[in-house]
Amino acid sequence: MSPKMPDGRTMRDGQPVSARLNNVVTTEREFDELVTKSLPELLDRATSQTKRFLRETNQWGDDITHEKLALRWGYELVERFVVFGRTEVPCRPFFLLDSLIAKSFSQPDPLCYHKELLTPVGRFLDGLASRAVVSRDALIALFYHFYGFSQAHVVKLLGFGQAESQRVYKNFERWRQSGWQRTMNETGLSGSEIEILEQELRTRPDHLNNEVDRLMPVLQSHYRKSEPEHYPCLSEQKWGQLFHDDYGHDYRVWHLAFCRDCFLEVADRRHAEVSNGLKPQVNLHIHPLKKGGVLALFGGDRGGRHHGNTRAQRLSRTSA
Amino acid sequence: METPELNDYRAHLLDALDDQPRRAAEERPGFLQVLVNHERIGTLNCAQTDPSFAYTARERSIQHLELRSESGALIGGCVAPEAGQKSVRVPVGKGSLTLHVQNHFDGGSLRVQYEVAPGWWSQLATAIGLPAGAAVASTQASPVWSMTTAFAQVVLAVGVVALLAERIPVWIGSEDRAHQLEEELAARQSTQDQIDQVHRQLAQLVESQAAATAVSRTEQDRIAQLNTLIDTVAHTQQRLNAQVVAVQEDLKTVKTDVAQEVQTGMRVAASAVEADRELVRQDLQAVKSVNETLVKQVALLESRNRELHARLALTSLEVAKANASSKPAVVAKNEPPKETPAPTAVAVSDNLREADRQAFMFWVAFQDGTTEKSIEDLVQELNGIKKGPMKSGWYSVEVNLPNPEPPDRFLESVKRAKIVKSVVTSKAMPPAQ
Ligand SMILES: [Zn+2]
Ligand SMILES: [Zn+2]
């Protein structure tokens, strides 16, 4: 017998699910079962705690963008809770979730919250960057979305050998197949918002690229983790040494993807190998590189100077 | 606020959460990203022979560990106590990951290991005596640092000395002592070159010392490599000494005057190397200690702040756990449905009542003009410890409550102290700043 609660939730063992989340769970299996059933409660709890945090830190606004931000954060917290929680049994799930959240928010600058990042293009960039912190596919894709680098360009820029370049190609492939779409979904950007961004990139590329250029330092300084302890900016000479002596491969990927200044410097230095001699610059791309997509690099499809290129690429993409 | 768009988004996220276990289970073990305290610190390549990954954190313990696939799917992880250890086993594909974290208050270490479950093939292989790893691709060549070339040269120098020893009887016969000494000098020169090279590297290292705090990791790698080089030089030294003995043995059978000369030459070469090695070692020690001091100073400032926050947050985790383990499961199951209070400060102190000898933390503010001395006295009277510096007028104090004493009554008694303005319990932050 499973009586219905007034709000429609089912009861088990004579208790509503939310009450069971306050009780002790003793086995991993019990934890998994309970959590699978109570995802809505868990998400709502994590979301409301995030809202509270935003309110208390004067970062709240009563609009859908803030609601979405809180949901996205709640989601990320619950995702971790689901995986970590099973290693903490016996425990009381709600207490455990609360302590995970408390711990998260006690980090320095836990949320990337900046007013400018609440615009569609800001949310787009923020979504990409926050995903790149946990996904290497997204990390590699930043080179494309920010600068228009194809997989071949990325491999050359990073000075990778055979094995590593295969990995980069796989990163691009997975990103194209599912990673990008999942990231857009998790960011809460709707199809129409993305379409509007595309539209703006088509009609006013310089305007949008300047905006990206302006937002990048804000965004990158937040998500460029491990700073300054482990992966600081390097001098031109140090970068040269790193490439010449062939070490620090992870350093190259992680830092260059998240530091515009170092990227521009290294890309410029290596541009004989990387490009056709044009200066590297910010060059926003909304959709992932289509399969076998070839594109002109460094200004080729930016700034309306070679507008035809952009349109051709986009047309072939939509028809693909 | 409820709009269709928001509801859609929420539904989307719930689907993704629901799908998470399936996605994680589907991941094939390939490259796994290791994240510590939300920072990517390395990659574990599961295709390697004996795939394992080790990491040591300084200044801050490893509180938060995540393993994610290249696509970002969360495969496994845990939160670890600030001091102490935690081990977790996570099934991945056909194998499993073992995570082991060992923390102390100002750092920690981590070891991740991937093990493939033995399949029928490897069991069969073991049975018929084939090497188990035969099917696995050999380890990737690690990036070659320019100093490996130097190692090779040192080894070459040793080779020359060895040749020298072998050829002694021939030289005796031909009386070609000039040539013999020349070769020996060349060998010595070659070793000297290596030493010079180490000196140059050290000089460079000292130069980059200015940026040491920032570039500490790179430097540490170098120090490790220099250490290896020192070891190699030491090894050379040993072999050189061994050669001296060998040559001595050989020379016993030939004319004493020749023997004397060669022997002296070898001695000089050997002791020069010895002296240089000592110098290098001293230089290295100096560089190391300066580097460490710099790194520590910078990190300390930041970690103090973070540590305070993390410690406070952790208290609530510990409370949740202690609370859980203090209640037998049977009792929990038979509990009547009860009200579900939000876990506020009150709830936390409730839990503390159940938890045996839990350290209990609270925030206290003092009347204006209270001296540091009388604050210290009060804290001492309570048998408490002040945790961290004052924050916006609030001190955090930790006490060990005797078992039967309820925190509320205890707090009441603290409040009655003359110098105390206010007392609160709060999970993470000092109250209203
Ligand atoms: Zn930020
Ligand atoms: Zn940089």
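Readers should treat all values here as calculations from the given coordinates under stated rules, not as data from a laboratory. Because the structure is predicted, anything quoted here is derived from the model rather than measured. Cβ sites come from the backbone with ideal geometry, for glycine too, and all protein chains shown count toward neighbours.
Among A:S150, A:S135, B:S413, the ranking by other beta carbons within 10 Å of each residue's beta carbon, starting with the fewest, stands as B:S413, A:S150, A:S135. Rg and Dmax, both from the Cα atoms of segment B:353-424 and both in Å, are 11.9, 37. Modelled label positions at B:I419 and B:D50, each set 7 Å beyond Cα in the direction of Cβ, lie 5.9 nm from each other. Given the Cα-Cα distance of A:R214 and A:R52 and 0.36 nm per residue of separation, how much length would full extension add, in nm? Residue separation times 0.36 nm, minus the Cα-Cα distance, leaves 55.4 nm.
How high is the FRET efficiency from A:T119 to B:H38, r the C-beta distance, R0 30 Å, rounded to 0.05? Walk me through the numbers on the way to the answer.
Working: r = 25 Å, r/R0 = 0.85.
Step by step, r from the Cβ atoms, then E = 0.75.
Here, P(r) means the percent of Cα pairs in each 5 Å bin from 0 to the largest distance; for segment B:4-117 it is 2, 12, 21, 21, 16, 12, 8, 5, 3, 1, 0. Distance between the modelled labels on A:K291 and B:V116, one decimal in nanometres: 2.9 nm (7 Å Cα→Cβ projection). Annotation note: GluC sites (Glu not before Pro) in segment B:1-76 located in DSSP loop regions with a Cβ neighbour count of at most 14 within 10 Å are B:E2.
The simple Förster model, with R0 at 56 Å and r as the Cβ-Cβ distance, assigns B:A83 and A:R204 a FRET efficiency of 0.50.
The modelled label-to-label distance between A:D250 and B:K94, using points 7 Å beyond Cα along the C-beta direction, is 2.7 nm.
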